[in-house]
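The values are calculated or read from the model by the stated rules, or taken from the named source; none is laboratory data. A quick note: this is a predicted structure, and the numbers were derived from the prediction, not measured. No Cβ is skipped: glycine too gets one built from the backbone with ideal geometry, and neighbour counts run over all protein chains shown. These accessible areas exclude ligands, DNA and RNA; they are computed on the full protein's heavy atoms, side chains included. Shrake-Rupley method; radii C 1.70, N 1.55, O 1.52, S 1.80 Å.
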Amino acid sequence: MAIAFQSSTMADAQIRAALVDRGMADLCVHRVPVQGQAKGDALWYITRDRNEADVRIWFCSVGMSQVKICFVDSYGEAGWNRPHPLKGRIG
């Protein structure tokens, strides 16, 4: 599951991510409305409770990021666009 918490500091984060246009994205993410729908790397439920999160993410510049992501509007668009070392490790 990908229950994500947006960390306010790089030191607290497990993953550094940059928000980019779809054509540059390593991973397209669809935000789901309820925790039970979170699945794998690409379907995220974003929580405000750090303790219930599977992963803590800090958003930063492209140059500092480990992964480039784009939020998409549908389940069908979500997923990895290219092979990546973090594949299978976010959720």
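A few remarks follow.
- Residues that are open to solvent by less than 60 Å² (accessible area, probe 1.4 Å), farther than 19 Å from Phe5 by Cβ, at pLDDT 95 or above and out of contact with any Ser or Thr (no Cβ under 9 Å at 6 or more places or on another chain) are absent from region 31-43 altogether.
To keep it simple, each residue is scored yes or no on (1) closer than 18 Å to Ser7 by Cα; (2) open to solvent by 40 Å² or more (accessible area, probe 1.4 Å); (3) at pLDDT below 95.
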position: Val29; (1), (2), (3): yes, no, no
position: Val62; (1), (2), (3): yes, yes, no
position: Val67; (1), (2), (3): yes, no, no
position: Arg89; (1), (2), (3): yes, yes, yes
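- Any hit, region 71-86, residues being touching a residue at least 24 places away in the same chain (Cβ under 8 Å) and within 16 Å of Phe5 (Cα to Cα): yes
- Scan of region 47-60 for residues that are touching a residue at least 40 places away in the same chain (Cβ under 8 Å) and open to solvent by 50 Å² or more (accessible area, probe 1.4 Å), ordered by number: Arg48, Asp49, Arg50, Glu52, Asp54, Arg56, Trp58, Phe59
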